[in-house]
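Participant: This is the structure, below, for whatever I ask next.
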Amino acid sequence: MSYIDGFVMAVPSANKDKFIQHANSGDSVFMEYGATRVLECWGDDVPDGKVTDFRRAVQAKGDETVVFSWIEWPDKSTRDSGMERVMKDPRMSPESNPMPFDGKRLIYGGFAPVVELRKN
């Protein structure tokens, strides 16, 4: 079964085009090192919760949009070796591809799927 890296971040809404450019540059590196799919999703229907929510999780300000992204890998070992190579790749350095958002508020994690449903 596959392995998933998930990300949630707050991006200044005015930086949408910069974010897309940043993602297009960086996401191809993940694909080069073994990812099978990368999705970058611009928040469209992100409601405020009563206890917690995506906006609070990343301390999004009023002029920021929550972005939800994930990277699919064929398995954890491919992810581990691919991610190691991604982190060393000069195309991923802040100088080469600066983040158009506050990386300190980015939340991320690796996830092993336990249920998967698909339509054929």
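Participant: Round to a whole number: what % of the accessible area of the chain belongs to carbon and sulfur, probe 1.4 Å?
Facilitator: The computed percentage sits at 54.
Participant: Which order do you get for D27, D75 if you rank them by accessible area with a 1.4 Å probe, largest at the top?
Facilitator: D75, D27
Participant: Let me ask something additional. Give me a comma-separated list of calculated 3J(HN,Hα) values for segment 74-91, in order, Karplus coefficients 6.51, -1.76, 1.60 applied at θ = phi - 60°, integers in Hz, x for any Gly or Pro.
Facilitator: Whole-Hz 3J(HN,Hα) from phi for segment 74-91: x, 6, 5, 5, 5, 4, 4, 6, x, 5, 4, 5, 4, 5, 8, 6, x, 5.
Participant: So what is the 222 nm mean residue ellipticity for the chain from helices alone, if each DSSP H run of at least 4 adds -39500 (n - 2.57) and you divide by all residues, rounding to the nearest 500 deg cm²/dmol?
Facilitator: After summing the helix terms and dividing by residue count, I get -8500 deg cm²/dmol.
Participant: Given a 1.4 angstrom probe, what's the average accessible area per residue across segment 24-120, in square angstrom?
Facilitator: Here the residues of segment 24-120 average 71 Å² of exposed surface.
Participant: Under 8 Å for C-alpha pairs, at least 6 residues apart: give me the relative contact order for the chain, rounded to a whole percent.
Facilitator: With pairs under 8 Å counted, the relative contact order is 48 percent.
Participant: Read phi for every residue in segment 11-26 and hand back ³J(HN,Hα) as whole Hz from Karplus 6.51 cos²θ - 1.76 cosθ + 1.60, θ = phi - 60°, with x for Gly and Pro.
Facilitator: Calculated HN-Hα couplings, in order: 10, x, 4, 5, 9, 4, 5, 5, 5, 4, 5, 4, 5, 4, 6, x Hz.
Participant: Once phi is turned into θ = phi - 60°, what whole-Hz ³J(HN,Hα) does the Karplus curve with 6.51, -1.76 and 1.60 give for every residue of segment 41-51, x standing for Gly and Pro?
Facilitator: 10, 7, x, 10, 9, 10, x, 6, x, 8, 10
Participant: So what does V115 come to for accessible area, using a 1.4 Å probe and Å² rounded to 10?
Facilitator: Per-residue accessible area (V115): approximately 110 Å².
Participant: What does the convex hull of the Cα atoms come to per residue for the chain, in Å³?
Facilitator: 132
Participant: In nm, give the distance between the simple-model label positions of M87 and K104, each being 7 Å from the Cα along the Cα-to-Cβ direction.
Facilitator: 2.1
The values are calculated or read from the model by the stated rules, or taken from the named source; none is laboratory data. Only a predicted model underlies this, so the values are computations on that prediction, with no experimental measurement involved. Don't worry about glycine lacking a Cβ; one is built from the backbone with ideal geometry, like all the others, and counts go over all protein chains shown. All accessible areas refer to the heavy atoms of the entire protein, side chains included, with ligands and DNA or RNA removed. Shrake-Rupley method; radii C 1.70, N 1.55, O 1.52, S 1.80 Å.
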